[in-house]
Amino acid sequence: MTDITWIDEYHKGSRFGLNGKLLIRKTSKYQEIIVIENDYYGKALMLDGCWMTSLKDEKYYHECLVHPALSRIHEKSNVLIIGGGDGGTARECVKYNKIGRIDLVEIDEEVIKVSKKFLKEIGGEAWNDKRLKIYIDDGVKWVENTRDNFYDVIFIDCSDPSEFSNLLFSDSFYKECKRILKPKGILATQSESPESFKNIHISILKTLKKIFRNSETMYSFVPIYPSGIWSWTFASKEELYLSQPSCIETKEIEKGCEIWNLNFQNAAFKMMPNKIVKELNS
Ligand code: SPD
């Protein structure tokens, strides 16, 4: 008898599964949380039937969410992370000396507890960084209760749209994010897949274009997500030319990254599939 289990994410008649030893399966107030240990991907986290991250491929996701935004900051900056309970986004943020404060607002405390216990490599030393403050709260309410012009960068590191995350993809939420960003501030959000979540992807891009003066999308891969191809969108009140990083720390940061570098970023911002270009222009 073996203790190897298969855990699958089902998506539109397809499934992506990882097998391995089940380390934990529990239901929090908000969702089912699973961690499995797979031979190739290492430990992997699933929330409510969707793969969130794995030790092997998480850098494809977290480095792409964080560095295009932070490689443009010049001044001591206040950062807000909405979601991000596994700690990967915070880990990439603490690489920057320019960051003075990181508020991580995660609705589900259990995600943080499980990540610290079973996936501690993902958050790493960020969990002990004095600049990181953790709040167990609803990100939408947090943003509503924040004063105007407060944050330099906001990261939305959320799950796919669902009953309890839908508002994080809404017009009203993006408008509130714009309000609490400083004039040169940047909103960085995971913007789903142009393939497996095409309609949501297009809706995010159209909404951000409507609300912000500038918005740019980059594409890359997250191997364990449905269809593999994924996107991140960066929006700002001013024209920022995000595909051209400008902070002086950038070259050093690049050395510590597994996926992201300047060439990678320049190419990734030019990767919009033509069917998405056409739909955005229609
Ligand atoms: N299909 C999964 C989308 C999840 C995006 N967020 C992942 C969180 C990793 N910090």
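Across every pair of non-identical alpha carbons in region 43-181, the mean reciprocal distance, once inverted, gives a Kirkwood radius of 15.2 Å. Relative to the 2.2 N^0.38 Å rule of thumb, region 217-282 has a C-alpha radius of gyration ratio of 1.27. Phi-derived couplings, Karplus 6.51 cos²θ - 1.76 cosθ + 1.60 at θ = phi - 60°, listed residue by residue for region 262-276: 5, 5, 4, 5, 4, 5, 5, 6, 10, 9, 5, x, 4, 5, 6 Hz, with x used for Gly and Pro. Calculated FRET efficiency, LYS270 and ARG179, Cβ-Cβ r, R0 25 Å, to nearest 0.05? The value I calculate is 0.20.
The lysines whose alpha-carbon is closer than 18 Å to the alpha-carbon of LYS133, local same-chain residues fewer than 8 away aside, are LYS76, LYS95, LYS98, LYS113, LYS116, LYS120, LYS141.
Straight-line cross-link reach from LYS198 at under 13 Å between alpha-carbon atoms covers these aspartates and glutamates, not counting any fewer than eight positions away in the same chain: ASP160, GLU279.
Which entries of LYS178/LYS278; LYS29/LYS59; LYS29/LYS175; LYS182/LYS209 show an alpha-carbon separation above 21 angstrom in the structure shown? Exceeds cut-off: LYS178/LYS278; LYS29/LYS59; LYS29/LYS175.
Which three numbers, in whole Å and largest first, are the semi-axes of the equivalent ellipsoid of region 31-88 derived from its Cα gyration tensor as √(5λ)?
27, 14, 7
Could you pull out the longest piece of the chain with no exposed loop GluC sites (Glu not before Pro) in it, calling a site exposed if DSSP puts it outside H, G, I, E, B and it has at most 14 other Cβ atoms within 10 Å?
For GluC sites (Glu not before Pro) (loop position, at most 14 other Cβ atoms within 10 Å), the longest site-free span of the chain is 76-162.
The trypsin sites (Lys or Arg not before Pro) of region 131-238 that meet both conditions, a loop assignment by DSSP and at most 14 other Cβ atoms within 10 Å of the site Cβ, are ARG147, ARG213. Extension gain, THR5-ILE248: 0.36 nm per intervening residue step, less the Cα-Cα distance, totals 82.8 nm.
Seen against the Cα atoms of the chain and their longest principal axis, helix 171-180 is set at about 60 degrees. Enumerate the residues in region 48-87 having an amide nitrogen under 15 Å from the point lying 7 Å beyond the Cα of TYR40 toward its Cβ. Inside the label zone: 54-58.
Computed over the chain with a Gaussian network model linking Cα atoms closer than 10 Å, the most mobile of PHE150, PHE164, PHE173 is PHE164.
Placing unit charges on each Cβ (+1 for Lys and Arg, -1 for Asp and Glu) gives the chain a dipole about its Cα centre, and among TYR61, LEU119, PHE269 the Cα reaching farthest toward its positive end belongs to PHE269. Once the gyration tensor of the Cα atoms in the chain is diagonalised, the equivalent ellipsoid follows with semi-axes of 28, 22, 19 Å, ordered largest first.
Provide the percentage of antiparallel DSSP beta bridges, counting only those with both residues in the chain; round to the nearest 5. The antiparallel fraction comes to roughly 65 percent. Each residue of region 162-168 was assigned a 3J(HN,Hα) from its phi angle through the Karplus expression (A = 6.51, B = -1.76, C = 1.60, θ = phi - 60°), giving 7, 3, 9, 10, 3, 5, 5 Hz with x at Gly and Pro. Semi-axes of the equivalent ellipsoid of region 7-46 are 17, 16, 6 Å, computed as sqrt(5λ) over the eigenvalues of the C-alpha gyration tensor in descending order. The gain in end-to-end length when the GLU239 to THR27 segment is fully stretched comes to 72.0 nm, 0.36 nm per residue minus the alpha carbon separation.
For the chain, what relative contact order do you get, as a whole percent, if you take Cα pairs closer than 8 Å and at least 6 residues apart?
Rounded, it is 16 percent for the chain.
Counting only Cβ charges, +1 for Lys and Arg and -1 for Asp and Glu, the dipole size of the chain around its Cα centre is about 720 debye.
Rule-based calculations on the coordinates, nothing more; no lab input. Treat the numbers as computed from the prediction; the structure is a model and nothing was measured. Every residue, glycine among them, receives a Cβ derived from its backbone with ideal geometry; neighbour counts consider all protein chains shown.
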